[in-house]
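Note sheet for the following structure.
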Amino acid sequence: MAPNLKTLPVSQLNFDPDNPRLPDRIDGTDTDAVTDFFLLECNLIELMMSIAEQGYFHGEPLLVVEDAGSATHTVVEGNRRLASLKILTQEIAPRSMEKAVAKILAEAKEKPDRVPCLVFGARQDVLKYLGYRHITGIKEWDALAKARYLAQLRNNIAAATHDDAHRILAKEIGSKSNAVAKILTGYNLLQYAHDEGILRELKLDAEDVPFSLLTTAIGWSGIANFIGLDGSGDVEIANVKKEETRELFLWAFHKIDGYKTRIGDSRNFKIFARIVEFPAALEALRRGATLEEADILADGPLQAIRTNILKAITAIEHSQSSISMADGLTADDLAEATKLRKLASALEGSIKANIDNED
């Protein structure tokens, strides 16, 4: 059934508690919390200024559904605009940015208390429209909001298999079924990390995890296998491993001293995917080795020895060539050089003994 265009009072419009843009930490039923979120994190002041100056643009009606047994409606699309309207009509007294809001209210030429709304028969009818608008359209949501939206859509599909559901969703949002599967797998994994206390232990919120990085990570088969996924489209995550998942989130998303993660940027997932396939390399990473140091062991112990010897030779040659320019060397430096000579001698003896044993 086609939606009906109506003009409705702002006072009879409610926020959508299941708005995909709302972070998990925000209670969607708490009007004050929702308003604070829009004010502090969604540039609501600029939108309020525009409406206060020019009025509400009738070319963009709010998309709403009727509330059962009530004269009110829930706004499924347009909650940021609704927050602006409720503040301008002073239905809501904000708890944040009070001075900026007070200035807008004092200077406002327009304070619309009735706005155009498209009334849909059911929430899922609006969700289908949102796919084009916010997933592949001109007003894209961030990656996590898209994932929340897709999870809501998936819950409304009674398809017999996941593959069928993913094809249906892909067609609705203009994407590919394998991309839909990867997003839903990443979202389920993030929910798992929340439910199992991994995020809490690492002092992370869901929004602290760059969702596109998470889906990039599970796209590497080595990483997917490491945490117990049967590929990046394993939406049921039935065999996911808690400790390995914790390690992924620790190394990929927990910032050391609030600055940088162990893995670093997404290009390093290729290295990490190789490391987790080699027990010696993985154990080195667990003991505190850098990604580069652990990666050496992924080629096996023989190649690791050869690589480390060449690195040591290069470092010593550079130090030797700089001696003439260095002022202030001390007895401590001499002691370190002596230690280095003894270690080199011990390594030489070990290699010689290894060769003799083989002979």
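The values are calculated or read from the model by the stated rules, or taken from the named source; none is laboratory data. Note that the structure is a prediction, hence the values are computed from the model and not measured. All Cβ positions, even for glycine, are placed from backbone atoms using ideal geometry, and neighbour counts span all protein chains on display. Just so you know, the surface numbers come from the protein's heavy atoms only, side chains and all, with ligands and any DNA or RNA stripped out. Shrake-Rupley method; radii C 1.70, N 1.55, O 1.52, S 1.80 Å.
Take residue 290 and tell me if it is among the β-branched types (Val, Ile, Thr) and under 17 Å from the mean Cα position of the chain (by Cα).
No; evaluated as a whole, the condition is false for this residue.
Of these, 122, 108, which one is at pLDDT 90 or above and over 27 Å from residue 210 (Cα atoms)?
Unique residue meeting the criteria: 108.
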Residues of region 212-242 classified as under 25 Å from residue 23 (Cβ atoms), in a helix (DSSP H, G or I) and out of contact with any Asp or Glu (no Cβ under 8 Å at 6 or more places or on another chain), total: 7
Some residue of region 156-166 being in contact (Cβ under 8 Å) with a residue 40 or more places away in the chain and not in a helix (DSSP H, G or I): no
Any chance residue 252 is of a type outside the set (Lys, Arg) and either within 14 Å of residue 186 (Cα to Cα) or within 17 Å of the chain's Cα centre (by Cα) (or both): yes
Any hit, region 195-211, residues being part of a helix (DSSP H, G or I), farther than 28 Å from residue 126 by Cβ and open to solvent by less than 10 Å² (accessible area, probe 1.4 Å): yes
Among the residues listed as 232, 177, 221, the single one being on the phi < 0 side of the Ramachandran plot and out of contact with any Gly (no Cβ under 8 Å at 6 or more places or on another chain): 177
Residue in region 179-190 that is at pLDDT below 95 and open to solvent by 70 Å² or more (accessible area, probe 1.4 Å) present: no
Any chance residue 114 is surrounded by 20 or more Cβ atoms within 10 Å (Cβ to Cβ), touching a strand residue (DSSP E or B) at 6+ places or on another chain (Cβ under 8 Å), of a type in the set (D, E, K, R) and at pLDDT 90 or above: no
Residue 119 vs. criteria touching a strand residue (DSSP E or B) at 6+ places or on another chain (Cβ under 6 Å), within 30 Å of residue 181 (Cβ to Cβ) and not aromatic (Phe, Trp, Tyr): no
Criterion: closer than 27 Å to residue 77 by Cβ and within 16 Å of the chain's Cα centre (by Cα) - qualifying residue of 146, 260: 146
Qualifying residue in region 179-189 (condition: free of Cβ contacts under 8 Å to residues at least 12 places away in the same chain, under 20 Å from the mean Cα position of the chain (by Cα) and more than 22 Å from residue 24 (Cα to Cα)): yes
